[in-house]
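S.K.: Take this structure first; my questions come after.
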Amino acid sequence: MEKAIIISAPSGAGKTTLVKLLLQRRRDLEFSISACTRAKREGEVDGKDYYFLSDRDFQRKIREAEFIEWEEVYQGMFYGTLFSELERVWSNNKAVIFDIDVQGAIHLKEKLGKKALSIFIAPPSVEVLEERLRSRGTESEESLERRLAKSMYEMQFQNRMDAVVVNDELETAFIDLNQRVEKFLADKV
Ligand code: 5GP
C-alpha cells in the first residue's frame, strides 16, 4: 500500500528537526523533495533539499499539470510537490514523508485521503515560537515578521489535521510522533 505522512506546522515549531529524526530512525520512510523557486540557502543541495527551479520552469510545470499540489507560500516564492516525486518514493517501497506548509498539508490530505496521515506540530506557546524563529538567525527582520504573521495564522488550522503533536521537549514529541507513524503504517487501510 502506498502511504504518506504529512507533517506540517507553523514556521518555528520544530517540524524539520522532527522530520529529520524520523528519517534517521526509520528505514520505511523517504523524504518528498519539493520543487521551489526561492534562492538556495548556504549548505542546501539541489535535488536533496529541494529541486530549485526558475520561475519559468515552475510555471511550465504548473501548466503541464505536473504538481499534485503547489502554492505561493511567500510572496513570489513558489513551492510544490511533483507527481513524479511520489512515484519515485513509492517505487522504492517506502512511505513518503512531507515537510510542508499548513495549506499544502490540507490540500495533500484532501487528495490522498486514507493513504495519508496528516500531523500538525504545535509549539508549546506563541512566545516559544517567536524565540525559536529569532534564534535561527537566518532571516532578515522583514522576513522574520512575515514568517511570524504566517505562523499565527496557521495555528488556526490544527484541528484540520488527523493529529496534533506538541513540541515542547524534543525527545518526548519524537516518541509521540513516532508511535503515531508506526500505528498508521502498520494499519492495513
Ligand atoms: P523554507 O523556505 O523555509 O524551506 O520553506 C518554507 C515553507 O514552505 C515551509 O513551511 C515548508 O514546509 C513549505 N514547503 C516546502 N515544500 C512545500 C511544498 O511542496 N508545498 C507547499 N505547499 N509548501 C511547501
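S.K.: Does the stretch 100-127 hold any residues that are without any contact (Cβ under 8 Å) to a residue 24 or more places away in the chain and either assigned to a helix (DSSP H, G or I) or touching a Gly at 6+ places or on another chain (Cβ under 6 Å) (or both), and which are they?
M.R.: Within the stretch 100-127, Glu110, Gly113, Glu127 qualify.
Residue-wise test of (1) farther than 19 Å from Asp101 by Cα; (2) part of a helix (DSSP H, G or I); (3) charged (D, E, K, R).
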position	(1), (2), (3)
Glu130	no, yes, yes
Ser135	yes, yes, no
Arg147	no, yes, yes
Tyr153	no, yes, no
Asn159	no, yes, no
Leu177	no, yes, no
Arg180	yes, yes, yes
Lys183	yes, yes, yes
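S.K.: Follow-up question, since we're still on this one. I'm trying to understand the selection: among the residues of the stretch 161-175, which are surrounded by fewer than 18 Cβ atoms within 10 Å (Cβ to Cβ) and outside any helix (DSSP H, G or I)?
M.R.: Once the filter is applied, which keeps residues that are surrounded by fewer than 18 Cβ atoms within 10 Å (Cβ to Cβ) and outside any helix (DSSP H, G or I), the stretch 161-175 yields Asp162, Ala163, Val164, Val166, Asp168, Glu169.
S.K.: Filter the stretch 77-98 down to the residues that are open to solvent by 40 Å² or more (accessible area, probe 1.4 Å) and over 11 Å from Cys36 (Cβ atoms), then identify the one that is farthest from the ligand (Cβ to nearest atom).
M.R.: If we take residues in the stretch 77-98 being open to solvent by 40 Å² or more (accessible area, probe 1.4 Å) and over 11 Å from Cys36 (Cβ atoms), then Asn93 is farthest from the ligand (Cβ to nearest atom).
S.K.: I'd like the full set of residues that are in contact (Cβ under 8 Å) with a residue 24 or more places away in the chain and surrounded by fewer than 15 Cβ atoms within 10 Å (Cβ to Cβ), limited to the stretch 128-142.
M.R.: Listed by number, the residues that qualify are Arg136, Thr138.
S.K.: Considering the stretch 99-112 alone, what residues qualify as being within 9 Å of the ligand (Cβ to nearest atom), closer than 26 Å to Ala186 by Cβ and among the acidic types (Asp, Glu)?
M.R.: Result: Asp99, single match.
S.K.: Can you tell me how many residues in the stretch 1-36 are within 11 Å of the ligand (Cβ to nearest atom) and not aromatic (Phe, Trp, Tyr)?
M.R.: Residues that pass the stated criteria total 16.
S.K.: From (1) more than 17 Å from the chain's Cα centre (by Cα); (2) more than 10 Å from the ligand (Cβ to nearest atom); (3) open to solvent by 60 Å² or more (accessible area, probe 1.4 Å), pick out the condition that doesn't hold for Ala39.
M.R.: (2)
The values are calculated or read from the model by the stated rules, or taken from the named source; none is laboratory data. Here the structure is a predicted model, which means the values were calculated and not measured. All Cβ positions, glycine included, derive from the backbone under ideal geometry; neighbour counts span all protein chains shown. Surface areas here come from the heavy atoms of the whole protein model, side chains and all, with no ligands, DNA or RNA. Shrake-Rupley method; radii C 1.70, N 1.55, O 1.52, S 1.80 Å.
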